[in-house]
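The block underneath contains the structure these notes are about, expressed in structure tokens.
The values are calculated or read from the model by the stated rules, or taken from the named source; none is laboratory data. What you see is a predicted model, and the numbers here were worked out from it, not measured in a lab. Heads up, the Cβs are rebuilt from the backbone with ideal geometry, glycines too, and the neighbour counts pull from every protein chain shown.
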Amino acid sequence: MLFNSISFFIFFPVTTILYYLIPHTYRWILLLVASCYFYAYFIPSYLLILFLLIGVDYVAGRLLEQTRGKRRRYYLWISVLINMGILFVFKYFNFFNENLEQLSRFLGLDYTASSLQLILPLGLSFHTFQSLSYVIDVYKGKQKAEKHPGIYALYVMFYPQLVAGPIERAGNMLHQFRERKYFDERGVTEGLKRILIGLFKKVIVADRLALIVNHVYSQPNQFSGLQLSIATVAFAFQIYCDFSGYSDIAIGSAKSLGITLMENFNYPYLAASFQDFWRRWHISLSQWFRDYVYIPLGGNRVSTIKKYRNILIVFAVTGLWHGASWTFVLWGLLHGIYLIISDMIRKISPRDKNLLFMTPVKTVITFACVSFAWIFFRARTTEDALYIVTHLTDNLLTVTRDVITFQFPDVSASIFRANGGIGLNRTQFQTTVGLIIVLLGVEFLTRNKFRLKIPLLINWAMYVLLTLAILNMGTSVIQPFIYFQF
Amino acid sequence: MYRFIKKLVLFLIIITIAQQIIWSASKKSYYTQLMKDVNDFAVQKTDVIYFGDSILTTIDEKNDNDKTPLFLMVKNAVGPYSFGMVQRNSLSPLIFSAFTDYMKFLRYTPKYIIVPVNLHYFSAMYGLHPQNQFNDERIRMKYIVSPFAPFADFIVNFLVSETNMADERKYQNAPVYDRNTYLGTAPELDQYARVLPSAQQTEKFLIYTFMKDIDENNPQLKSLMHIAETYNTSSTKVIFYITPVDYETGVSHLGKRFLNQLRRNTDFIKNKLETYNARVLDFSLSLQADSFSWSSDVAVVNGHINEKGRKYLSAQIGKEIQK
């Protein structure tokens with residue numbers, strides 16, 4: 001089931017109303033059944049894979065807690081291998097196979113890859129990692145094993161975060177399913193507001209930007225450097241609005257049930273460094289990799305060379321987590337290189353104390369580098385990515401001259417008329433930019449409402465306008481949530 | 001909780017009133033171009049409406065002397081009647097049927113409606129390919145005529161997303177069989193319509209397009225039957241015509257089997273439509289190979305006809321209307 005669907009608009013209120021009507025003892029059953037229905041709406045048969053993983057990890061958790069000695073490691077590895085094995089088969093087998101075929105051809109060997117025609121179960125990457133975090137935490141003694149199979153199943157399958165995160169930790173979630181939740185007007189209202197903001201981000205902003213991105217990135221060699229640059233920046237905002245919009249809806253839906261999910265985004269494009277970016281972007285994933293890959297590899301507490309090796313490993317795997325393609329790996333490695341370079345710079349140059357102007361400069365540079373990396377994330381092939389990268393600055397001098405000499409009609413023509421345009425005309429583009437500014441304003445107001453004391457009327461007007469925008473300004477070409485493919 | 005419910009109800013009332021105002025002020029923007037065209041036809045009480053796809057407008061053949069497209073030839077052939085076309089590439093009975101419901105809502109009863117029945121409609125390309133379902137337009141027409149009209153845009157956007165996703169999934173995995181032999185998936189075979197196919201690929205494409213038994217559960221056939229039923233007792237006369245098929249090419253690849261299957265399917269369609277007293281012209285075997293046009297980048301047997309074919313077809317349709 002999609003969040004931006006009529007089905008969800010029926011499913012959500014029905015589930016929430018029933019949740020508060022039925023006794024607390026049975027609420028976990030309602031949520032579990034609702035989550036099964038939510039997931040089975042896509043392909044019912046993939047519920048079986050989910051149940052298998054839940055069964056394996058539940059049993060592994062119980063055994064890990066009851067066992068001592070070397071055997072504990074075997075149970076951990078069995079769970080890890082089954083989880084990663086299923087992920088590998090559905091997501092990476094064909095990629096691995098194709099590369100093996102190319103390698104064999106290069107070595108003059110005879111190997112023909114036969115591919116598996118399997119559809120990736122929705123959310124597999126997310127709930128696999130969520131399950132693994134539980135098993136690993138139980139193994140390390142950080143988390144007590146959950147005895148109730150239903151509550152454990154709900155931890156994995158909780159519908160708001162089942163398909164695209166946030167990737168939660170057992171320590172944050174399990175106890176919440178046990179706690180008696182009373183109807184909290186403020187919590188439910190905040191939840192509904194969060195859902196509205198998420199829908200606005202996704203349906204109004206992200207899907208509009210997708211019209212530019214899909215148009216230009218489908219055939220990048222047809223477009224100028226300026227158009228490629230605009231499409232790249234558009235994608236930076238598209239993926240932010242798409243994914244953070246989804247997270248907002250997930251967090252809002254959970255909040256309406258009295259469940260608090262972790263924040264997954266914190267104004268990532270305001271980051272003034274790459275470390276800061278990864279503390280703000282897809283927070284649940286970066287924390288997962290930090291806790292379960294980077295730190296076990298030694299983290300920062302090793303030699304500099306090993307630390308940089310660890311960074312590259314973590315980010316290569318982060319890229320691979322996103323998709324079975326070298327473009328994703330390149331994207332991840334690029335971020336790894338960014339972090340290494342910024343670490344080197346920090347060691348070489350003195351701290352910029354009290355240089356206030358440096359923060360905006362660093363923010364712009366960070367945003368530019370992150371946007372550059374998005375090229376690899378979004379491009380269909382490595383060849384496309386390299387084409388875009390090497391043609392971004394085509395005609396840069398001409399454009400700069402036109403801007404400096406206020407030849408804005410020429411700049412406008414080179415964006416909206418050259419090569420058939422970028423997928424949106426000038427008015428539509430201006431509207432989209434305006435909507436991004438509105439969105440940033442709404443986000444700022446909602447996150448600072450306690451400090452700013454927004455008048456009630458303004459608050460109501462904001463949400464009425466957001467709702468009317470969702471009702472009237474959606475595009476008829478709805479894009480799937482980007483992170484559904486992971 | 002009661003305070004929350006009161007606030008929520010108040011919020012919803014404000015939204016409904018505001019949305020009603022917005023709908024009243026900007027109704028026209030909710031209509032697609034084809035819907036606006038039909039609105040105009042209804043106002044002008046246009047006599048003849050011709051539904052169709054690319055065959056009505058495309059001139060593929062470079063050797064044609066007369067490059068008049070089919071729809072203009074038909075327009076000239078129908079005599080004094082005013083003429084309107086509801087056409088776009090890849091339109092099919094699914095959308096024709098939605099338009100007849102829309103025309104009924106407008107209380108618009110043209111004298112004649114011409115509906116082509118292209119046997120391609122019954123393949124997975126039209127039956128399953130998401131782009132050929134026209135979910136946006138169909139859902140829009142359904143809700144614009146309902147009490148939910150002020151929310152039609154929202155309903156369309158949110159309903160289309162999951163409908164398209166479901167359609168995409170069905171299409172990507174749709175297997176194609178020749179009796180018990182697996183030929184590939186629908187997307188694989190649809191590629192042969194985009195590139196110049198080999199003899200083997202042409203054969204597979206012919207099987208994919210023409211050789212499946214059409215049954216009464218086929219959505220395209222159900223749409224055609226819905227059109228026939230809608231106008232069964234109306235003053236509007238619906239003329240269905242089964243479009244010409246390049247049967248000579250079909251037979252050269254698949255033998256008599258091709259003809260037998262073609263006849264089986266066309267007879268089935270005719271029987272079903274004639275139960276509603278619909279008039280069905282069968283041109284499936286009327287034209288020989290030299291009446292069809294070829295483009296270098298489309299597959300054989302796409303149904304596009306050249307000058308000779310267009311002249312024949314338009315004359316027959318014109319004769320039927322003038323009867």
- Kindly indicate whether B:R257 is more than 14 Å from chain A (Cβ to nearest Cβ), surrounded by fewer than 20 Cβ atoms within 10 Å (Cβ to Cβ) and either part of a helix (DSSP H, G or I) or in contact with a helix residue (DSSP H, G or I) (Cβ under 9 Å, 6 or more places away or on another chain) (or both). yes
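Any idea which residue in segment B:104-117 is farthest from B:I239 (Cα to Cα), counting only those that are under 19 Å from the mean Cα position of the chain (by Cα) and surrounded by fewer than 22 Cβ atoms within 10 Å (Cβ to Cβ)? Explain how you work it out, then say what you get.
Restricting attention to segment B:104-117, the residues satisfying the condition of being under 19 Å from the mean Cα position of the chain (by Cα) are B:104, B:110, B:112-117.
Remaining after also requiring surrounded by fewer than 22 Cβ atoms within 10 Å (Cβ to Cβ): B:104, B:112.
Details: B:K104: 17, B:Y112: 7 Å.
Step by step, filter segment B:104-117, then rank; the result is B:K104.
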- Taking the residues in segment A:256-284 that are more than 16 Å from the chain's Cα centre (by Cα) and of a type in the set (S, T, N, Q) as candidates, determine which candidate is surrounded by the fewest Cβ atoms within 10 Å (Cβ to Cβ). A:T260
- Message: For segment B:142-159, give me the residue count where each residue is in a helix (DSSP H, G or I) and either of a type in the set (G, A, S) or in contact (Cβ under 8 Å) with a residue 12 or more places away in the chain (or both).
- Response: 11
- From B:K104, B:K75, residue being of a type in the set (D, E, K, R), closer than 27 Å to B:K308 by Cα and more than 14 Å from chain A (Cβ to nearest Cβ): B:K75
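Determine whether A:K147 is out of contact with any Phe, Trp or Tyr (no Cβ under 7 Å at 6 or more places or on another chain) and either assigned to a loop (DSSP other than H, G, I, E, B) or modelled with pLDDT of 90 or more (or both).
Against the criterion (out of contact with any Phe, Trp or Tyr (no Cβ under 7 Å at 6 or more places or on another chain) and either assigned to a loop (DSSP other than H, G, I, E, B) or modelled with pLDDT of 90 or more (or both)), A:K147 qualifies.
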- Query: Among (1) within 11 Å of another protein chain (Cβ to nearest Cβ); (2) modelled with pLDDT of 95 or more, which single condition is A:T15 missing?
  - Reply: (1)
- Determine which single condition A:Q117 fails, assuming it passes every other condition in (1) under 26 Å from the mean Cα position of the chain (by Cα); (2) among the polar types (S, T, N, Q); (3) surrounded by 12 or more Cβ atoms within 10 Å (Cβ to Cβ). (3)
- Query: Do any residues in segment A:246-273 that are at positive phi have Cβ atoms under 8 Å from those of residues that are part of a helix (DSSP H, G or I), where the two are at least six apart or on different chains, and which pairs are they?
  - Reply: A:G258/A:Q176; A:G258/A:G187; A:Y267/A:R280; A:Y267/A:E443
- Message: Residue under question is B:G52, and the condition is that it be under 20 Å from the mean Cα position of the chain (by Cα) and among the small types (G, A, S); does it hold?
- Response: yes
- Query: So which of A:V403, A:V433, A:V442 is away from chain B (no Cβ under 14 Å), crowded, with 17+ Cβ neighbours inside 10 Å and either on the phi < 0 side of the Ramachandran plot or modelled with pLDDT of 80 or more (or both)?
  - Reply: A:V442
- Note on the structure: Restricting attention to segment A:285-312, the residues that are among the small types (G, A, S) and buried (at least 16 other Cβ atoms within 10 Å of the Cβ) number exactly 2
- Task: Check whether at least one residue in segment B:267-276 is part of a loop (DSSP other than H, G, I, E, B) and surrounded by fewer than 21 Cβ atoms within 10 Å (Cβ to Cβ), and report yes or no.
- Result: yes
- Query: Considering only residues of segment A:99-116 that are in contact with a helix residue (DSSP H, G or I) (Cβ under 8 Å, 6 or more places away or on another chain) and either in a helix (DSSP H, G or I) or not aliphatic (A, V, I, L, M) (or both), which is farthest from the other protein chains (Cβ to nearest Cβ)?
  - Reply: A:D110
- Message: Is it the case, given these coordinates, that A:Y41 is more than 14 Å from chain B (Cβ to nearest Cβ) and either of a type in the set (S, T, Y) or more than 20 Å from A:Y155 (Cβ to Cβ) (or both)?
- Response: no
- Query: So is A:V361 assigned to a loop (DSSP other than H, G, I, E, B) and surrounded by fewer than 17 Cβ atoms within 10 Å (Cβ to Cβ) or not?
  - Reply: no
- Query: Just checking, how many residues over segment B:1-60 are β-branched (V, I, T), more than 10 Å from chain A (Cβ to nearest Cβ) and over 25 Å from A:N459 (Cβ atoms)?
  - Reply: 9
- Output for segment B:142-194, where each listed residue is farther than 30 Å from A:Q117 by Cα and away from every other protein chain (no Cβ under 13 Å): B:I144, B:V145, B:S146, B:P147
- Query: Do the conditions hold for A:A60, that is, is it surrounded by fewer than 20 Cβ atoms within 10 Å (Cβ to Cβ) and either without any contact (Cβ under 8 Å) to a residue 12 or more places away in the chain or more than 30 Å from B:A166 (Cα to Cα) (or both)?
  - Reply: no
- Task: For A:L132, indicate whether it is within 14 Å of chain B (Cβ to nearest Cβ), surrounded by 11 or more Cβ atoms within 10 Å (Cβ to Cβ) and either modelled with pLDDT of 85 or more or assigned to a loop (DSSP other than H, G, I, E, B) (or both).
- Result: no
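Among the candidates A:I6, A:I29, which residue alone is more than 12 Å from chain B (Cβ to nearest Cβ), β-branched (V, I, T) and over 13 Å from A:S253 (Cβ atoms)?
A:I29
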